[in-house]
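Each reported figure results from applying straightforward, stated rules to the coordinates on display, with no laboratory input. Predicted model, so just to flag it, every value in this text is computed and none were measured. Neighbour counts run over all protein chains shown; Cβ positions are idealised from the backbone, glycine included.
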Amino acid sequence: NFEDLAISTLNKTYATNPHIVYDLLIYKFKGSWNGYSCVDLALLNNLGKFLSQTPCILLNKEMWNNCTVPSHSRSEQPKPELAETSKKSLCISMFSKLQVPRVIAFLRFIFHLIFLGFFAIWIISFLAVNTLHWIEWVLLTWVIFYSAEIVNQCIRNVMRHRWSCWSFIVDIELVSVLLFLISWILHIAAYMHQDKQQLMDCVLTLFSIDFMLFCIYTL
């Protein structure tokens, strides 16, 4: 069994030389492994047992919190190719610290809350058949940039054969974005034909449903 053999090798290496095991986990083998690291291959093949081993857990925790490999992974005389990998993994500037996964996730959550706040205010107070409020354009701009990010994420997942792992979340995102764009187009149509109140009622219903979908995704 490939996974059991990999686990055995990982634990033996960690027991005998913990200073190098983290570098080996994140080192990308450009020749035989098509540029993938051990962690990349484990994720691609859903090797949960391998990823649940102590070295992988510690590596994941440190990368999530600080975007660095564990401090004791840097040996006194590391191999040249592994030393380069370790240096690239360090976040030494303020800009780099903003790229820490935990910080990115927190900022994304804050931005989603701000978006939902504007969305709710607009639906309750400013959504009308005879008005195109500036908040609507702010929301539309946000959705357009957000949809570009979703498309980029989908492409990367397909290229890495990880679509199944993200399908549920991506589906909610895609439906939310598409529903917003459809609702916005209908709102423009209602604005141009203000005598059709039923169309505006449909727009209000669709935007309300879309707001709930965005809330579900944010939570």
Quiz item: Since Val203 meets every condition but one in (1) in contact (Cβ under 8 Å) with a residue 24 or more places away in the chain; (2) outside any helix (DSSP H, G or I); (3) of a type outside the set (Gly, Ala, Ser), which condition does it not meet?
Solution: (2)
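Let's see how each residue does on (1) over 19 Å from Pro101 (Cβ atoms); (2) of a type in the set (A, V, I, L, M); (3) without any contact (Cβ under 8 Å) to a residue 24 or more places away in the chain:
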| residue | (1), (2), (3) |
| --- | --- |
| Ile26 | no, yes, no |
| Phe29 | yes, no, yes |
| Gly35 | yes, no, yes |
| Leu43 | no, yes, no |
| Gly48 | yes, no, yes |
| Leu51 | no, yes, yes |
| Ile57 | no, yes, yes |
| Asn60 | no, no, yes |
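Here's the yes/no breakdown for (1) of a type in the set (Ser, Thr, Tyr); (2) free of Cβ contacts under 8 Å to residues at least 24 places away in the same chain; (3) within 17 Å of Ile182 (Cα to Cα):
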{"position": "Val103", "(1), (2), (3)": "no, yes, no"}
{"position": "Leu107", "(1), (2), (3)": "no, yes, no"}
{"position": "His112", "(1), (2), (3)": "no, no, no"}
{"position": "Ile123", "(1), (2), (3)": "no, no, yes"}
{"position": "Phe126", "(1), (2), (3)": "no, yes, no"}
{"position": "Val143", "(1), (2), (3)": "no, no, yes"}
{"position": "Tyr146", "(1), (2), (3)": "yes, no, yes"}
Quiz item: With (1) surrounded by 12 or more Cβ atoms within 10 Å (Cβ to Cβ); (2) more than 22 Å from the chain's Cα centre (by Cα) as the list, and Leu44 as the residue in question, which single condition is left unmet?
Solution: (2)
